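K.L.:
Let me give you the structure first, and then I'll get to my questions.
The values are calculated or read from the model by the stated rules, or taken from the named source; none is laboratory data. All figures in this text were calculated on a predicted structure; none of them were measured in a lab. Cβ placement follows ideal geometry from the backbone for every residue including glycine, while neighbour counts extend to all protein chains displayed. Accessible surface areas use protein heavy atoms only, side chains included; no ligands, DNA or RNA. Shrake-Rupley method; radii C 1.70, N 1.55, O 1.52, S 1.80 Å.
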Amino acid sequence: MQIPHDTRRALDVVVALVNTSVETEQPDGLSDVTALRGFVHDYAISDVGELSARDLAGVRTVRGKFAQVFAAPSSRVASVLINELVATAGTTPQLTNHDGYDWHVHYFAPGASVGDHLAADGGMALAFIVVSGEQERLRRCEAPDCRRAFVDLSRNRSRRYCDSRTCGNRLHVAAYRARRKSELESEPGSGRSGRSEQEEIVQGGEQQQAADNA
């Protein structure tokens, strides 16, 4: 799937913002204004002035809206949420080439709050996905103890985990051990296969990585 650079970057910020939520069973990544400043710095969000508790509340609201888009059961539901986001943000498209980046489009209005900034750029990036008929690429990790958001950019839409080298491998290890336990319980006298546990686990992880990248 071909995505313009600025849209891809906006999607990365959307995913990162959604994943600061306590829904992922981690501490809230936006617990205070200091944490918000860190997020703005880490993702090089431009044109942001001094941040306040009001900004924090606004960004948390936008985060919740983005999460609802990931959970939307249809493109129609997603479109309503996205339209609300970009309308509330006062979206104002403008070409810019700041900080060494080539020409690209900003959708937030000059002087917009950081919440409106994220809602405008992130909302339009999500709109691109919906318009392209690719809403199903907005996913949650299938690892039962994770649920982190991600955008599946594989060609065959096969990605299942936020990171196949962590969540994917953990599930491969658990599945392998459950399978071996079942085999040993059903055939007590059978010997182990020629391959080691580590070799089978690594192969399973490599297969999933290949599928994710396909």
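K.L.:
Heavy-atom accessible area of Thr61 with all protein chains present, probe 1.4 Å, nearest 10 Å²?
P.N.:
About 80 Å², rounded to the nearest 10.
K.L.:
Moving on to the next point. Compute the semi-axes of the equivalent ellipsoid of the range 9-50, taking the square root of 5 times each eigenvalue of the Cα gyration tensor, and list them largest first in whole Å. Kindly include the intermediate steps, with their values, before the conclusion.
P.N.:
Details: eigenvalues 67, 39, 7 Å².
Those come to 18, 14, 6 Å.
K.L.:
Write down the accessible area per residue of the range 39-116 in Å², having rolled a 1.4 Å probe over the full set of protein chains.
P.N.:
Values: 4500 Å² over 78 residues.
Per-residue value: 58 Å².
K.L.:
Let me ask another. Using a 1.4 angstrom probe on the protein heavy atoms only, line up His106, His5, His41 by accessible area, largest first. Could the numbers behind the result be given before it?
P.N.:
Values: His106 20, His5 120, His41 145 Å².
Sorted by accessible area, descending: His41, His5, His106.
K.L.:
Report, to the nearest whole %, how much of the accessible area of the range 1-118 belongs to carbon and sulfur atoms, 1.4 Å probe, protein only.
P.N.:
Values: 3330 of 6480 Å².
The value for the range 1-118 is 51 percent carbon and sulfur by accessible area.
K.L.:
Further question: Report, largest value first, the span of the C-alpha coordinates of the range 44-105 along each principal axis, in whole Å.
P.N.:
Reported extents, whole Å, longest axis first: 39, 31, 19.
K.L.:
Rank these by accessible area, largest first, 1.4 Å probe: Asp163, Asp152, Asp102, Asp121.
P.N.:
My answer, sorted largest first, is Asp102, Asp163, Asp121, Asp152.
K.L.:
Give me the distance in nm between label points sitting 7 Å out from Cα along the Cα-to-Cβ direction at Ser158 and Met1, one decimal.
P.N.:
In this crude label model, Ser158 to Met1 measures out at 1.7 nm.
K.L.:
Further, regarding this structure: Quick one: how many Å² of Ser186 are accessible to a 1.4 Å probe, rounded to 10?
P.N.:
Answer for Ser186: close to 80 Å² accessible.
K.L.:
Please work out the Cα convex hull volume for the range 1-109 and give it in Å³ per residue. Display every interim value, and only then the final one.
P.N.:
Details: hull volume 13.6 nm³, N = 109.
Per residue, the Cα convex hull of the range 1-109 comes to 125 Å³.
K.L.:
I've got another one for you. Can you tally the net charge around Thr91? Count Lys and Arg as +1, Asp and Glu as -1, for every other residue whose Cβ sits under 12 Å from the Cβ of Thr91.
P.N.:
Values: positive: none; negative: Glu84, Asp116, Asp121.
Local charge sum for Thr91: -3.
K.L.:
In nm, what is the difference between 0.36 nm times the number of residues separating Arg147 and Asn83 and their Cα-Cα distance? Numbers along the way, then the final one.
P.N.:
Numbers: separation 64, 0.36 × 64 = 23.04 nm, distance 2.54 nm.
Stretched fully, the Arg147-Asn83 segment lengthens by 20.5 nm.
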